[in-house]
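The values are calculated or read from the model by the stated rules, or taken from the named source; none is laboratory data. The structure presented is a predicted model; accordingly, all values stated were derived computationally and were not measured. Cβ placement follows ideal geometry from the backbone for every residue including glycine, while neighbour counts extend to all protein chains displayed. When the accessible area is computed, the model is the full protein with side chains, heavy atoms only, and any ligands, DNA or RNA have been set aside. Shrake-Rupley method; radii C 1.70, N 1.55, O 1.52, S 1.80 Å.
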Amino acid sequence: MLRLGTENDFDALYPIYMHPTVNPYLNFEIMSKEEFLPLFHELITSGTLYVYENDDGQVVATGFGTRFIRELVEELRKDKRTKRLELYVVVGNEIALNFYHKLGFQVEGYLRKSFAPMKESPPTDDLMMAMIFH
């Protein structure tokens, strides 16, 4: 089930956001719970944090990405003001590229040195992908 995130999701989502294979693709460094809490509050109050729960109400950490994105896209389609969705994929991340292609996103551009996954890391080249709502 897709739903907006709440304050009660913090303990389930914090380890996902700070996971070493997830965090490098976010716009902040790995940090303590205390440091992350203000950012989490911003996500909650913005109304842009969605979570996907399995049938027993537990937040799902793995294995439901396709269902989550499909339900999120359908939810966003309901808002007629939303004309397009955009995302970025690091060049060479074929798993992500194939995943988003399968869901209907198309590559629209190539961004050179657009994102540094970690403070000391060199910037990566990214592909801009989008889904257009008609």
Problem set entry | Single condition Arg3 does not satisfy, out of (1) open to solvent by 40 Å² or more (accessible area, probe 1.4 Å); (2) out of contact with any strand residue (DSSP E or B) (no Cβ under 7 Å at 6 or more places or on another chain); (3) not in a helix (DSSP H, G or I) | (2)
Exercise. Pick from the stretch 7-33 the residues that are open to solvent by 60 Å² or more (accessible area, probe 1.4 Å) and among the hydroxyl-bearing types (Ser, Thr, Tyr): which of them is nearest to Leu87 (Cα to Cα)?
Worked result: Tyr25
For this session: Within the stretch 73-87, work out how many residues are touching a Phe, Trp or Tyr at 6+ places or on another chain (Cβ under 7 Å) and not basic (Lys, Arg).
Result: 2
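Which one of Leu111, Leu103 is within 9 Å of Leu127 (Cβ to Cβ) and either out of contact with any Ser or Thr (no Cβ under 7 Å at 6 or more places or on another chain) or of a type outside the set (Val, Ile, Thr) (or both)?
Matching residue, one of Leu111, Leu103: Leu111.
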Problem set entry | Index of the failed condition, Asn98 passing every other in (1) outside any helix (DSSP H, G or I); (2) polar (S, T, N, Q); (3) open to solvent by 90 Å² or more (accessible area, probe 1.4 Å) | (1)
For this session: Kindly indicate whether Phe36 is modelled with pLDDT under 85, aromatic (Phe, Trp, Tyr), surrounded by 13 or more Cβ atoms within 10 Å (Cβ to Cβ) and outside any strand (DSSP E or B).
Result: no
Exercise. Mind checking which residues of the stretch 55-80 are modelled with pLDDT under 70 and open to solvent by 50 Å² or more (accessible area, probe 1.4 Å)?
Worked result: Asp55, Asp56, Gln58, Ala61, Thr62, Gly63, Phe64
